[in-house]
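Values quoted throughout were computed directly from the atomic coordinates according to the rules given, and no laboratory measurement underlies them. Keep in mind that this is a model prediction, so the values were computed, not measured. All Cβ positions, glycine included, derive from the backbone under ideal geometry; neighbour counts span all protein chains shown.
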Amino acid sequence: MYDLWTIPAFPLAGFLVLALAGRWLRRPYAAAVVGVGSVGLSALVALAIAIRFLVAPPEGDAVTQTLWTWIAVGDFRPAVAFYLDPLSLVMVLVITVVGALIHLYSAEYMLGDPGYSRFFAYMNLFVCAMLVLVLADDLVLLYLGWEGVGLCSYLLIGFWYADPANGAAARKAFVVTRVGDAAMALGLFLLFRELGTLNVQEAMARAEAQWPVGSGLAVAAAALLLGGAVGKSAQIPLQTWLPDAMAGPTPVSALIHAATMVTAGVYLVARTHGIFLLAPAVLTVVAVIGAVTILAAGASALTQRDIKRILAYSTISQLGYMFLALGVGAWAAAIFHLMTHSFFKALLFLGAGAVILAQHHEQDIFKMGGLRRRLPVTFTVFVIAGASLAGFPLVTAGFYSKDTLLWAAWASERGGFWLWLAGLVGAFVTSLYVFRLIFVVFLGEPRAPIDHRPGYRIKVPLVILAVLSIVGGFVEIPATLGNLPLFTDLLDRALPAPELAHGGLAGEYALQGLAAAASLAGIALAWVLFVRRPRPEEHPEEFPGIGHRLHRFWLDGWEFDRLYDAVFVRPFLALARINRDDVVDRLYAGLAALAVLGHRAVRVTQNGRLRWYAAALALGTVIVVAWMGLS
Amino acid sequence: MTGIQLEQVLVLAAVLFVLGLKGLLVRRNVLFMLISIEIMLNAAGLAFVAAGARWGQADGQVFFLFILTMAAAEVSVGLALVLQLHQQFKTLDADAAAELRD
Amino acid sequence: MTVLFYVAATVAVFATAMTISRLNAIHALLYFIVSLFAVAMIFFLLGAPFIAALEVIVYAGAIMVLFVFVVMLLNLGREAEEQERHWLQPGAWLGPVGLAAVLLLELGYVLAQGSGAPATAGAVSPREVGRVLLGPYLLGVELASMLLLAGLVGAYHLGRRDKDAAR
């Protein structure tokens, strides 16, 4: 019997202890032990379960553990049940292992912060919610985890709530993802109404039986679910929240906005692939959204000055890759990239955190420099992570995952030239911006003194993640280089394999070569621009005409914020202003005013004058006698 | 033994009552208002006595007795109040004491 | 007999009308006493001699005298009469007269539908009244005496002349 419930139970217990007793855990040491320990235990359990699963796979390649029936209303009986198959196994491992490392890192990073135990409480709750999300057997439970991570994201982005800007960023994240969540909820309603169940496997089976490929219902359901995924994974058009979400502490950005929460959208599409396969049009949209996002976010990343915003746009771009893979039917490739991305992106964020700590919380890269010699460990891991992100050939995990992805984009039936080209150009741009970051921050002349050297709690996770960023790719060696598709083999037991339409081995070699070339070309260009010459980008206003405006445009994230502000926010505010006096409330206020008016009218008779009262009495007598006499 | 009709006496009582009422409504001096009230009480008593005499019973007269008693008590208290009013407000204007209002 | 009644009635009505329209308080009171005498006469005609006597003794003799005393106590002089004249404009009569006239008409209408029974079925002797008072109406008598006591105490308390009387 697989005790799946223990995996999310440990972080939940950690959250409860910290939330209820955090005030009494006076020494931060205790809060850290609880916070890190709970996720660490979860990781160990997950590893044990993974070993058991891989060594002796259960029947049907999946195992379900039902805890209890959550709701029982008529035909609607979602159960609290956990479902473990290769897909969720990979996700659980990523979440717990990377999560544990990040928790350990935060033990030192957040030292001295007055909200220390609160931080770990929120982080633990987040991990629990995310685990529920990936382990959920039922879409309703998945939605619970979905909302839970959204809530924790809000709490953690706005962690330093004293500054209203942080609160605004947290609200923005919540509201934008809420748009997606609403679409997803509608999708769930549609699925339940048409299929009668929200159990994932059941629903997919029934959908395949009931809906013909390309039917309107399938398209609608898939599109609505895609809406939720787009919001959570910060794809265009709902990507505006992620750059601003960097207002939260760096470990938060590492965990939530690089490794786990933003990948929930990718996971959702992969998990409900059965429905998406019934709507090829939607899958095409997924791929196109991914491709567009790769390029747009990459261009924006190229112009940013804030170290975390560069990484934020990079995340958006890499998520675009995953969506591209999903769209062309390379489900396993997308998850593979998800895993490697979580390694090197988390590492990049954690390294950036170490840099920020060392530079008095300065985040503008043009105010840093020459950190290579003074933060050697950080520099090394950063280069490894950056290389992995750029897809440096052969020795980095990123190379293998991106290569698999690009090959699928070219070769699969739903793929094609343009999608592949977008991925290739994106790889070039990725390489360019990440090495721009590395060269500017670590090479050159030192600009500011070192403030805080990272201790072992920061260095250990960095090193572990660096190792993973290298070896993580070796589980999936393509046919051209040795043919060891361990990962794909594993996931093909849960997800359908891509249908390759064109291209053979020779094509694969060629494409690999091109991908490697793109990656190296980016590094070279970055070297030329940012090491050899004095840094031109420090003063973008000195760019000639269109260059300056384009730079500005990309810096502002293609001005989506401006667009949304004009189209949604302003009209809504105008409406709110019109209704400022609250029409409905006026009605009730009117009733009250009427009562007061009536009172004032009747009050005239209480004038204290004796003769008035006598006259009233007389009048009354007249009326009574008349009534009695005439009846 | 007399040819007086009940209705005639009652009409007389009504006339007297109405006159008292008119006096109450017209006059502003509290003293006159009290006198008008006495007029009305007297008229009511007349009606009672007449009604009692119609049936030849003593009840009407008894009731007039009670009215009389009540009028006496009321007059004493009322005049005491008039004296107080005069002392406080230096006037007998009924409208002077109009502060018991909203 | 009927003539006596009509005469007494006329006197009563006239005297009452004069009462309510006088400017001088003492004049009004004197007119009212005349009215009371007339009403006492009518009581006598109705066969209620005891009540007629009481009317004169108590009402005219005690209550009205009390009124006179108070008026004299208030020492209203010329300016009071002036004020009365000022207050008693002809226009002030309009409302009350109208209201009272309506009431009178109504009462008259109601009474006109009467049975036309004679007013007296014989005199009722004081003995009869006394027997009834101490019989069925005993409780009422007791209550009336309590009322008088209350009136007494109240009048004493309210009529005090010290600075902070009638608290």
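Be a star and scan segment A:322-340 for residues whose amide nitrogen sits under 18 Å from the point 7 Å along the Cα-to-Cβ vector of A:Val213.
A:326-331
Could you list the GluC sites (Glu not before Pro) in segment A:139-245 that lie in coil according to DSSP, counting only those with at most 12 other Cβ atoms within 10 Å of their Cβ?
Sparse-neighbourhood loop GluC sites (Glu not before Pro): none present.
Could you please state, rounded to a whole Å, how far the C-alpha centre of segment A:380-439 is from the C-alpha centre of segment A:247-270?
Going from one Cα centre to the other spans 20 Å.
Hey, what did segment A:90-238 get for relative contact order, percent, Cα under 8 Å, at least 6 apart?
Worked out over segment A:90-238, it gives 19 percent.
With labels modelled as points extended 7 Å from the Cα through the Cβ direction, what inter-label distance (nm, one decimal) is found for C:Leu152 paired with C:Ala123?
3.3 nm
With r defined as the distance between the Cβ atoms of A:Val583 and A:Ala281 and R0 fixed at 51 Å, what FRET efficiency is calculated, to the nearest 0.05?
Efficiency at R0 = 51 Å is approximately 0.75.
How high is the relative contact order of segment A:171-231? Use alpha-carbon pairs under 8 Å, at least six apart in sequence, and give a whole percent.
Taking the mean separation of contacting Cα pairs over the length of segment A:171-231, I get 56 percent.
Which of A:Val569, C:Val124, A:Val377 has the fewest other C-beta atoms within 10 Å, and how do the rest follow up to the most?
Neighbour counts put them in this order, fewest first: A:Val569, A:Val377, C:Val124.
Can you compute the label reach from A:Arg374? Point 7 Å from Cα along the Cβ direction, backbone N cut-off under 17 Å, restricted to segment A:333-358.
A:352-358
In terms of modelled amide H atoms, which long-range or inter-chain residues lie less than 5 Å from the amide H of A:Asp138?
Distant-sequence amide H within range of A:Asp138: A:Ala81, A:Val200.
Treat segment B:7-90 as a sphere of radius equal to its Kirkwood radius over Cα pairs and apply Stokes-Einstein at 37 °C in a medium of 0.692 mPa s; give the translational diffusion coefficient in µm²/s, rounded to a whole number.
238 µm²/s
Set Lys and Arg Cβ to +1 and Asp and Glu Cβ to -1, take the dipole of segment C:2-120 about its Cα centre, and tell me which of C:Leu4, C:Thr16, C:Leu66 lies farthest positive.
C:Leu4
With unit charges on the beta carbons (Lys and Arg positive, Asp and Glu negative) and the dipole taken about the Cα centre of chain C, which residue among C:Tyr137, C:Pro96, C:Gly154 sits farthest to the positive side?
C:Gly154
Is there a quick way to get the dipole size of the protein assembly as shown? I mean about its Cα centre, with the Cβ of Lys and Arg at +1 and of Asp and Glu at -1; what is the value in debye to the nearest 20?
So the dipole magnitude of the protein assembly as shown works out to roughly 1860 debye.
I need the phi-derived Karplus couplings for segment A:247-257: 6.51 cos²θ - 1.76 cosθ + 1.60, θ = phi - 60°, integer Hz, Gly and Pro marked x.
5, x, x, 4, x, 4, 4, 5, 6, 7, 9
Along the Cα-to-C-beta direction of C:Val68, a point sits 7 Å from the Cα; which residues of segment C:3-33 have their amide N less than 13 Å from that point?
Answer for segment C:3-33: C:26-33.
If one puts a single equal scatterer on every Cα of segment A:1-144 and applies the Debye formula without solvent, what log₁₀ I(q)/I(0) results at q = 0.19 Å⁻¹?
Those come out to -1.03, one per q.
What's the magnitude of the charge dipole for segment A:46-117 around its Cα centre, counting Lys and Arg as +1 and Asp and Glu as -1 at the beta-carbon? Answer in Debye, nearest 20.
So the dipole magnitude of segment A:46-117 works out to roughly 120 debye.
Take the Cα atoms of segment C:10-167, build their convex hull, and give its volume per residue in Å³.
So the per-residue hull volume is 184 Å³.
Report the extension gain between A:His360 and A:Asp489 in nm, rounded to one decimal, defined as 0.36 nm multiplied by the number of residues separating them, less their alpha carbon distance.
Taking A:His360 through A:Asp489 to full extension adds about 41.7 nm, to one decimal.
What's the FRET efficiency of A:Arg193 with A:Val604 using the Cβ-Cβ distance as r and R₀ = 60 Å, to the nearest 0.05?
The pair A:Arg193/A:Val604 has a calculated efficiency of 0.45.
Calculate the mean, over all residues of peptide C:23-33, of how many other protein chain Cβ atoms lie within 10 angstrom of the residue's Cβ.
2
Per the Cauchy relation, a quarter of the hull surface: what is the mean projected area of the convex hull of the alpha carbons in the protein assembly as shown, in nm²? Provide the component values of the computation, followed by the final result.
Numbers: hull surface 252.2 nm².
Seen from a random direction, the Cα hull of the protein assembly as shown projects 63.0 nm² on average.
In degrees between 0 and 90, to the nearest 10, how far off the longest principal axis of chain B does helix B:30-55 point, with axes built from Cα atoms?
Between helix and principal axis, roughly 10 degrees.
When a/c reaches 1.5 or more, the comparison of a/b and b/c decides; with that in mind, is segment A:577-631 rounded, prolate or oblate per its Cα gyration tensor?
oblate
Taking Cα pairs under 8 Å and at least six residues apart, what relative contact order does chain B come out at, in percent?
26 percent.
Within 10 Å, at most 10 other Cβ atoms, and a DSSP state outside H, G, I, E, B define an exposed site. Report the longest part of chain A free of exposed trypsin sites (Lys or Arg not before Pro).
The longest such stretch corresponds to A:27-631.
Along the charge dipole of chain A, pointing to its positive end and built from +1/-1 on Cβ of Lys, Arg, Asp and Glu, which listed residue (A:Ala521, A:Ala234, A:Val441) has its Cα farthest out?
A:Val441
Return one number: the angle in degrees, 0 to 90 and rounded to the nearest 10, between the long axis of the Cα atoms of helix A:376-390 and the longest principal axis of the Cα atoms of chain A.
90 degrees
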